[in-house]
Amino acid sequence: MTVGLLDSIISPLDLKKIPRSDLPALAAEIRKIIVEVVSKSGGHLASSLGAVELTIALHYVFDAPKDKIVWDVGHQSYAHKLLTGRKDRFHTLRQHDGISGFTRRSESPYDAFSAGHSSTSISAALGISCAKRLNHDPAKVIAVIGDGSLTAGLAYEGLNQAGDIHKDIIVILNDNEMSINQNVGALSSFLSRKFSAKMLQDLRREFGDFLKSLPMIGDDIYQFAKRSEDSFKSFITPGMLFEAFSFEYFGPINGHKLNHLIDILNNIKMLNDPVLLHVSTVKGKGYPPAEKNPVHFHGVGCFEIQTGVSNGRKPAAPTYTEVFGRAMLKLAETNKKIVAITAAMPEGTGLIHFSEAYPDRFFDVGIAEQHGVTFAAGMATEGFKPVVAIYSTFLQRAYDQILHDVCIEALPVVFAIDRGGIVGEDGSTHHGLFDFSFLRSLPNMVVMAPKDENELCAMLATAVSHNGPIAMRYPRGAGWGVDVDLDSPMIAIGKAEVLGDGGDILILAIGRPVGEAALAREILEKEGISVTLVNARFVKPLDSELICSLAAKIPRIVTVEENVLQGGFGSAVLECLNDTGVTGFRITRLGIPDTFVEHGSQSLLRSKYGIDTPAIADACRRMAAAPRG
């Protein structure tokens, strides 16, 4: 068995012993391992492949973990993990009890900041830098941020303060002209104006030296030329944008030329002011299928290495996301006021076909969820029906805008909340386990969740007809395989449905767990335990009349939700029973306890946290064995 260069690296100190001439071979070896592991475990492939040389150069020049490298989002950190002592565990990537697909402080001292959402790196790095100065610690702090993440306002808030207080911080812009989907907006166009940086800088230096050499008038002419050049440069290079934030700007440079990277990092390491290094990379570099289709390989499941073709089983039923996309197209045919809004995720939210069919009614705001929500509110004031499709975990970033800009004036904005509940291998930063809780507390907001993919269609029709804020959350992955009617009739707001009658146990479930509860009910009926099952449909407003009348007759109650228990659906039921004076009942609430859920498969995590069919059946058996009242 051939021993590779990576086998000799336990920490970045070992990396520094490798001659520069061998580093390209190390990069190729790292790429091979990343592709092999991700082909089996799934993960963020294209972004990590594009950052391999940059990662090597950073650890070759700086002294982590004393020097702090803060990776934005963290999904491009696979090479970083391999170089910082995690090679032997890398095969456990994104598996339960394995290493995370993102950076985690609890996982390694080399992970300076835990990440998962975009655009946090500059703010975090600046905070670390300021703390180090207060501690008289001269270590360097480096933030690595992608061009897609620069579409979020948080990145500019960090840049603004960093330039204002002139703290020693290095920001590396990893520019691959690609976030998850193609970048949008003026900034993307600005960054893509790339003249040959070396050619431009060499010409400027040589011409400047010539002007300054002119006797008597040289310096004056040089200063005039420099002012003129700065005006011109603002139209042709992105440097002026960052210089306006008082950063020293370098670049753009080729992010795959290791010698060049190492040389310039060694040079800027000596500077004590805010520095921005603009690095151009190729997403998916070194693996042709990923280079050809970086969107697909941004976050990919298992695949065949030779072809790049997915080798996972195609689900028998369409995903909720796919059904949502089809339902949006159907509704938009007859309702010209429907517009779709997404935050850099047209494919991930199922809106890609909508964007093709109705380009004038589709808006991708970039990684700017706060802006997207307020933008939707503005459109709603002009009589349009904006449907804001955002993953649950990312909608958390726009909480104030939902409250302040949508709910106070009860504007008719529809929130299509994808990836509600347990998401899987992306872990704690990506599970959508808080939306019931943070949305149902808002006045004027309606919150609902479909039991299956067909009910999603009915709820979407209901949502676009509702004259106020309304949210519909649905899970990641395939539906239950029911027949889908894109013309499903609307549902009365706040009305639940009874799916089965029985006198022993009352199960109140909402969203995907309704299907698990229905299977549990079948098992229990065979055991002689009769169950009334209610598909609540709405977290807010609850069908209090139905729930309270059933609770009075069937006082053994089990609630089931794929949300945190604090402030969620079960809490809403308890509040409802208390406020209406129902007494003498026992209740078990099934949901997520007061914790952040780790990464792992959806089925494993649903079992672990007791919200799958066996867990629901067990809870009902325990309830049936308890005395009434």
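Summary table below
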{"read-out": "Residue count for segment 560-580, restricted to those that are surrounded by 24 or more Cβ atoms within 10 Å (Cβ to Cβ) and farther than 19 Å from TYR474 by Cβ", "value": "2"}
{"read-out": "Where ILE172 falls short, out of the listed (1) part of a helix (DSSP H, G or I); (2) crowded, with 24+ Cβ neighbours inside 10 Å", "value": "(1)"}
{"read-out": "Test result for LYS269, buried (at least 21 other Cβ atoms within 10 Å of the Cβ), in contact (Cβ under 8 Å) with a residue 24 or more places away in the chain and touching a Lys or Arg at 6+ places or on another chain (Cβ under 9 Å)", "value": "no"}
{"read-out": "Qualifying position, being touching a Lys or Arg at 6+ places or on another chain (Cβ under 9 Å), farther than 27 Å from ILE33 by Cβ and not small (Gly, Ala, Ser), among LYS132, LYS68", "value": "LYS132"}
{"read-out": "Matching residues in segment 82-99 - criterion: being in contact with a helix residue (DSSP H, G or I) (Cβ under 7 Å, 6 or more places away or on another chain) and more than 15 Å from ASP14 (Cβ to Cβ)", "value": "PHE90, HIS91, LEU93, ARG94, GLN95, HIS96, GLY98, ILE99"}
{"read-out": "Residues that are out of contact with any helix residue (DSSP H, G or I) (no Cβ under 9 Å at 6 or more places or on another chain) and outside any helix (DSSP H, G or I), drawn from segment 281-300", "value": "none"}
{"read-out": "Identity of the residue in segment 235-262, in a helix (DSSP H, G or I) and either in contact with a His (Cβ under 9 Å, 6 or more places away or on another chain) or exposed (fewer than 15 other Cβ atoms within 10 Å of the Cβ) (or both), that ends up modelled with the highest pLDDT", "value": "ASN259"}
{"read-out": "First in segment 455-468 and closer than 17 Å to GLU409 by Cα, second anywhere and of a type in the set (S, T, N, Q), Cβ under 6 Å, 6 or more apart", "value": "GLY468/ASN444"}
{"read-out": "Wholly enclosed helices (runs of 4 or more DSSP H) of segment 549-629 bearing at least 1 residues in contact with a Ser or Thr (Cβ under 9 Å, 6 or more places away or on another chain) and aliphatic (A, V, I, L, M)", "value": "569-579, 613-625"}
{"read-out": "Residues (farther than 18 Å from HIS59 by Cα and surrounded by fewer than 21 Cβ atoms within 10 Å (Cβ to Cβ)) located in segment 108-121", "value": "SER114, GLY116, HIS117"}
{"read-out": "From the options HIS136, HIS117, residue that is in a loop (DSSP other than H, G, I, E, B), under 25 Å from VAL282 (Cβ atoms) and of a type outside the set (S, T, N, Q)", "value": "HIS117"}
{"read-out": "Condition check for ALA124: buried (at least 22 other Cβ atoms within 10 Å of the Cβ) and under 28 Å from HIS371 (Cα atoms)", "value": "no"}
{"read-out": "Any hit, segment 563-586, residues being under 20 Å from ARG621 (Cβ atoms), more than 38 Å from the chain's Cα centre (by Cα) and outside the structural domain of VAL447 (by TED's automatic domain parsing)", "value": "yes"}
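So that you can scan it fast, the table gives a plain yes or no per residue for (1) over 30 Å from PRO386 (Cα atoms); (2) buried (at least 20 other Cβ atoms within 10 Å of the Cβ); (3) at pLDDT below 95; (4) not acidic (Asp, Glu):
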position: ARG473; (1), (2), (3), (4): no, yes, no, yes
position: ILE491; (1), (2), (3), (4): no, no, no, yes
position: ASP504; (1), (2), (3), (4): yes, no, no, no
position: ALA509; (1), (2), (3), (4): no, yes, no, yes
position: ASN535; (1), (2), (3), (4): no, yes, no, yes
position: SER544; (1), (2), (3), (4): no, no, no, yes
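The values are calculated or read from the model by the stated rules, or taken from the named source; none is laboratory data. Keep in mind that what you see is a predicted model, and the values were worked out from it rather than measured. For neighbour counting, all protein chains shown are included, and Cβ atoms are generated from backbone atoms with ideal geometry for every residue, glycine included.
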